[in-house]
Amino acid sequence: GKILLAVEDHGRLWYHYPLENRRYPVTMATALQLFRAVALGISNTNIEKIPVNSSTQETSPLAQRLKNLFLLQVENNGQTWYVDQLGFRHLVTQFNIIEMSRNVMTGILNKELEKIPVANFK
């Protein structure tokens, strides 16, 4: 799963959810709710095995397995995290969602984006 930037479509953002092989539109109004809806639940014990962004810690096998996915920390007030392509986790909040997305998004051309079916998020 990746946050995709449609470079030929005015910079529109999409989230490719790998477990469904579908893409969801990402807007300011729906981003946090969408990311929480597609997140996998994770315990405090397991989230600790995934180093935070800018950490000098090596990534774990668990972090490698959860790359490009959103996680919902079920034992800690439902904090939402994103595991980037390198296996580091980023906290996702309403206050940093734009910055976090910019740091982890991947540019994509329309012809490649069209190969991924669109899903509706309500």
Fill in: Residue list for the stretch 8-64, filter: over 13 Å from residue 120 (Cα atoms), open to solvent by 50 Å² or more (accessible area, probe 1.4 Å) and either among the hydrophobic types (A, V, I, L, M, F, W, C) or touching a Phe, Trp or Tyr at 6+ places or on another chain (Cβ under 6 Å) (or both)
19, 28, 29, 40, 52, 53
Worksheet item: Which of (1) more than 17 Å from residue 105 (Cα to Cα); (2) among the aliphatic types (A, V, I, L, M); (3) in contact (Cβ under 8 Å) with a residue 40 or more places away in the chain is the odd one out, the single condition residue 31 does not satisfy?
Response: (1)
Response to the item:
Picked from the stretch 66-117 (must be open to solvent by less than 40 Å² (accessible area, probe 1.4 Å) and in a helix (DSSP H, G or I)), the residue modelled with the highest pLDDT is 113
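Results for (1) among the charged types (D, E, K, R); (2) under 22 Å from residue 55 (Cβ atoms), shown as yes or no for each residue.
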{"site": "72", "(1), (2)": "no, yes"}
{"site": "86", "(1), (2)": "no, yes"}
{"site": "104", "(1), (2)": "no, yes"}
{"site": "109", "(1), (2)": "no, no"}
{"site": "115", "(1), (2)": "yes, no"}
Item to complete: Pull up the stretch 75-84, narrow it to residues that are out of contact with any His (no Cβ under 9 Å at 6 or more places or on another chain) and touching a residue at least 24 places away in the same chain (Cβ under 8 Å), then point me to the one that is farthest from residue 104 (Cα to Cα).
Response: 75
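The values are calculated or read from the model by the stated rules, or taken from the named source; none is laboratory data. Every value quoted in this text rests on a predicted model; they were computed, and no experiment measured them. Note that we place each Cβ from the backbone using ideal geometry, even for glycine, and neighbour counts take in every protein chain shown. Calculation scope for accessible area: heavy atoms of the full protein, side chains included, ligands and nucleic acids excluded. Shrake-Rupley method; radii C 1.70, N 1.55, O 1.52, S 1.80 Å.
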